[in-house]
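Some notes on the structure that comes next.
The values are calculated or read from the model by the stated rules, or taken from the named source; none is laboratory data. No experiment lies behind these values; they were computed from the predicted model shown. Cβ coordinates were reconstructed from backbone atoms using ideal geometry, including for glycine residues, and neighbour counts include every protein chain displayed. Only protein heavy atoms, including side chains, enter the accessible area calculation; ligands, DNA and RNA are left aside. Shrake-Rupley method; radii C 1.70, N 1.55, O 1.52, S 1.80 Å.
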Amino acid sequence: MRKRSLIYDGWLTRYKVNRVLDDYEVQNRIGRRTAIKLPPIDKGLVKINSVFVECVDRYFFLRGWAAMGGSLVASVCLAFMIFFGFDLYLVLYGDLVLSSFQVEFAIGMTSLLGIFFIVIFLLILIKDFFCFTYYPIRFNRLNRKVYIFKNNSANGVLALGWDDVFWFVGRSRDGSHDIYDLRGHVLDDEKIVRYTFAVGQYGETQAEILQHWETIRLYMEESPASLPYPPLALSLSTQPTLRNCLLIQMGWLNASQSGAVFLLSVVWGFFRWLALKTCRQPRWPADIEAACQIPANDPYRQTEPLRAGELPDFGAAEELRRSEYIREARAAAEAYEQARSKASAN
């Protein structure tokens, strides 16, 4: 069994389940009642109030990639299908003369590429098109439940006990380096992994994920008053507008990125928008909405932005406080990683 999962596991490919926990998962388990000595900072919250917080799935930030990559492969297949198919057309209706081997080869390649084209196209449809704009995970602090949205069917939501989930810092391989995420396992009575899910955006370091975890842990184990909202605020929008799609894909760019990377992000953002425009918004079942009723005039309810990066409840002073808090939190995460690296070296 491979030591690390892949970046697309849980979305394009499946997590490995029906197995025992591996050493990494056991060593990187995170406790619900153990405070993380890092400033909380979320990586994907879209709703917060006194009853629940809701977070996007990890693959929300990768949406559009399957559409972009699959469309490229499908286009190449289609081009060669046309090339071989045109030769066959000329043999049947034109004056092109081919040997029997060449005709059989053209027929075989056209058929093979046609099948491959259909398979790729279906994979694109399944993973990016005509599904849901995102797959939320909701944490209800009153009944201590974690709701995982899968689809709109009667059995389309997995309801788990907050205390029953095996939480840990997940690790995946992205090219030549590792990335991390907040991951949960559902274990049976024999401690066999039966289901795996990931919450929020992935990060380059474990410290980022621990900060994200601390946001959720404080909310569930203490209260909304324990969270620094403000100066933090919701800034992620799940609305499938072209502006939001471009901002999300280009949000990680900096001045050192090349023009080619910038162009790739723009194209990716366009395919993200194209895919999400065909998707439906997730809808929680009535019983879950009933268990998550928000009180009128809830003091902890944050306004959900319609545009990515928007802070509807903040003025200039509040935005400055938020920027300072995020800068300090990132500095703390960097110091944590440096200390962890030194400890590992020793």
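The largest accessible area among Asp287, Asp298, Asp189 belongs to the first residue in Asp189, Asp287, Asp298, and the rest follow in falling order (1.4 Å probe, all chains). The GluC sites (Glu not before Pro) found in the range 199-278 that occupy coil by DSSP, while having at most 15 further C-beta atoms within 10 Å, are Glu204, Glu222. Using a Gaussian network model of the chain with C-alpha springs under 10 Å, which one of Ala333, Ala260, Ala198 is most mobile by mean-square fluctuation? Looking only at Ala333, Ala260, Ala198, the biggest GNM fluctuation is shown by Ala260. Cross-link partners of Lys191 among aspartates and glutamates, defined as those whose alpha carbon lies under 13 angstrom from its own and excluding same-chain residues fewer than eight positions apart: Asp22, Glu25, Asp164. Here the chain has 58 percent of its accessible surface on carbon and sulfur atoms, given a 1.4 Å probe and all protein chains in place. Relative to the current alpha-carbon distance between Asp189 and Ala159, full extension at 0.36 nm per residue lengthens the span by 9.1 nm. Only lysines eight or more places from Lys277 in sequence, or on another chain, were considered; those with a Cα closer than 28 Å are Lys43, Lys47, Lys127, Lys150. The slack between Thr303 and Ala339, meaning 0.36 nm per residue of separation minus the straight C-alpha distance, is 9.3 nm. Given a Förster distance of 45 angstrom, what is the FRET efficiency for Ser223 paired with Leu112, based on the Cβ-Cβ distance and rounded to 0.05? So, using R0 = 45 Å, E works out to roughly 0.15.
Note on Phe262 and Ser100: the extension gain reaches 53.4 nm, defined as 0.36 nm multiplied by sequence separation minus the Cα-Cα distance.
Against the set [x] 23.5; [y] 34.6; [z] 18.2, the structure's computed mean projected area of the Cα convex hull in nm² falls on [x]. So, R0 is 30 Å and r is the distance between the beta-carbons of Asp287 and Tyr24; what FRET efficiency does that work out to, to 0.05? Working from the Cβ atoms, E equals 0.25. Ordered by solvent-accessible area of protein heavy atoms (1.4 Å probe), largest first, the residues Val26, Val261 come out as Val26, Val261. In the context of the full set of protein chains, the chain has a per residue accessible area of 53 Å² (1.4 Å probe). For the range 190-295, the set of chymotrypsin sites (Phe, Trp or Tyr not before Pro) satisfying both a DSSP loop assignment and a count of at most 13 other C-beta atoms within 10 Å is given as Trp252.
Per residue of the chain, the DSSP helices (runs of n ≥ 4 H) give a summed -39500 (n - 2.57) that works out to -13500 deg cm²/dmol at 222 nm.
In this structure, Gln239 and Leu311 have a Cβ-Cβ separation that, at R0 = 22 Å, corresponds to a calculated FRET efficiency of about 0.90.
Membrane-span-like helices in the chain, defined here as complete DSSP H runs extending at least 18 Å along the helix axis by their C-alpha atoms with mean Kyte-Doolittle hydropathy no lower than 0.0, are 65-93, 100-127, 259-276; this is a sequence and geometry rule, not a statement about a membrane.
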